[in-house]
Each structure stands twice: as C-alpha cells, then as structure tokens.
Amino acid sequence: FGCDSLTSVTLPDSLTAIDGYAFSYCSSLAAVTLPDSLTAIGDSAFYLCDSLSSIILPNSVTTIGNCAFSWCDSLTTLSLPSNLITIDDCAFYGCSSLISVTLPDSLTAIGGMAFSGCDNATFTVGRESCAKQYCVDNDLPYTYADADDWLNG
C-alpha cells in the first residue's frame, strides 16, 4: 500500500488471493505477474495504480472485488479470464484509457458502475451473456467475439 517507488512485482505460485488495498496507491507500479493459483482479487487491491498499462489475469481468477482496479487510468486493453464469475461494484471505475475489454461468458454478476468512466471502451461479449445484458443496460458499446465469422463462412 502506497509504495510510490515500486515498479514491478511478481507474486508467488502459492498465492490464492490478493487482499484489499494490497497495492493501492502504488503510482509507479507498471508490471504485475500473477500466479496461476490466484482465485480472488480483493477490494481496491490495485486502486490508483495509474502506471499499470496492462495486466494478465490468470484463468483461475473467479472474483474481482469492489474498486479493485479503479483509477488505473493507463490500462488500455483488458481480457478477463474465462472462469471469471463476479466483477464487483466499481471494479474498473475511471479506467479512462481502456479501449478494448473482453468479458467472458462465465460471468454471472457485474456490479453497478463496474466500468463507469471507461468512455472509450468497446466490450466484446457473448451473444446471450450476462455481459451483453450489462452493456445493454448501461448503454455501453459492444461487439461479439464471432462478429466477423460471417466473412469466413
């Protein structure tokens, strides 16, 4: 928390959860390597890590907590893991540089304002998914992963 000089971190293979506020206010944090054992990212875990431009979340992650990546305004693309079940309130709030977000079909809940302030983002969703309904309900631009398949058919 608040380590202004921290630029990168590699977390151990034994880690299953990142607790709330663990890396909040680490304004120079630009690179994070997460283990395949990780299942949960806690509330505000990476809040205001405004140098973080990309992060690869392992497929083992099932929950992203409230405000987990809020105000990470250098994030540009985000491909969420295929086993993700829940994105809590304000998880990516204020990530104003996001242009592309892929939401998996496994999602069953997306909290209010999870992507508020991500005004430049286009979301890739499944055709009959919770993610599509979230985009419709929140007037967010979306496309389908197979949108161009008709060109190859």
* **Computed helical MRE - 222 nm, the chain, DSSP H runs ≥ 4 contributing -39500 (n - 2.57), nearest 500** => -2000 deg cm²/dmol
* To do: Determine the sum of side-chain charges near residue 91: Lys and Arg each +1, Asp and Glu each -1, restricted to other residues whose C-beta is under 15 angstrom from that of residue 91.
  => -4
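Once you have the Cα-Cα distance between residue 10 and residue 139, take 0.36 nm times their residue separation minus that, and quote the gain in nm to one decimal.
42.8 nm
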* Of all accessible surface on the chain at a 1.4 Å probe, what whole percent is carbon and sulfur? -> 49
* Asked: Once phi is turned into θ = phi - 60°, what whole-Hz ³J(HN,Hα) does the Karplus curve with 6.51, -1.76 and 1.60 give for every residue of segment 35-45, x standing for Gly and Pro?
  -> x, 5, 7, 5, 10, 9, 10, x, 4, 6, 4
* Using a 1.4 Å probe, what is the accessible area per residue for the chain, in Å²? -> 48
* Structure fact -> Taking placed amide H atoms and a strict 5 Å upper bound, the residues 5 or more places from residue 94 or on another chain that come that close are 71, 116, 117, 118
* Pop the C-beta distance of residue 3 and residue 62 into the FRET formula with R0 = 30 Å and round what comes out to the nearest 0.05. => 0.65
* **Convex hull (Cα only) mean projected area of segment 67-153, reported in nm² to one decimal** => 5.5
* To do: Using the Karplus curve 6.51 cos²θ - 1.76 cosθ + 1.60 with θ = phi - 60°, work out ³J(HN,Hα) for each residue of segment 143-148 in order, rounded to whole Hz, and write x for Gly and Pro.
  => 9, 9, 4, 9, 4, 9
* Structure fact -> With x for Gly and Pro, the residue-by-residue ³J(HN,Hα) of segment 57-70, computed from phi through the Karplus equation 6.51 cos²θ - 1.76 cosθ + 1.60 at θ = phi - 60° and given in whole Hz, is 8, x, 4, 6, 6, 10, 9, 10, x, 3, 6, 3, 10, 4
* Does segment 6-56 classify as rounded, prolate or oblate by the C-alpha gyration tensor (a ≥ b ≥ c root eigenvalues; a/c under 1.5 gives rounded; else a/b over b/c gives prolate, otherwise oblate)? -> oblate
* What is the distance, in nm, between label points placed 7 Å from the Cα along the Cα-to-Cβ direction at residue 79 and at residue 54? -> 0.9
* Starting from the amide H of residue 143, placed 1.01 Å from N in the peptide plane, find each other amide H under 5 Å away whose residue is 5 or more places distant or on another chain. => 123, 124, 125
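The values are calculated or read from the model by the stated rules, or taken from the named source; none is laboratory data. Owing to the predicted nature of the structure, the values given are computational and were not obtained by experimental measurement. Positions of Cβ are backbone-derived with ideal geometry, glycine not excepted, and every protein chain shown enters the neighbour counts. With ligands, DNA and RNA removed, areas are computed over all heavy atoms of the protein, side chains included. Shrake-Rupley method; radii C 1.70, N 1.55, O 1.52, S 1.80 Å.
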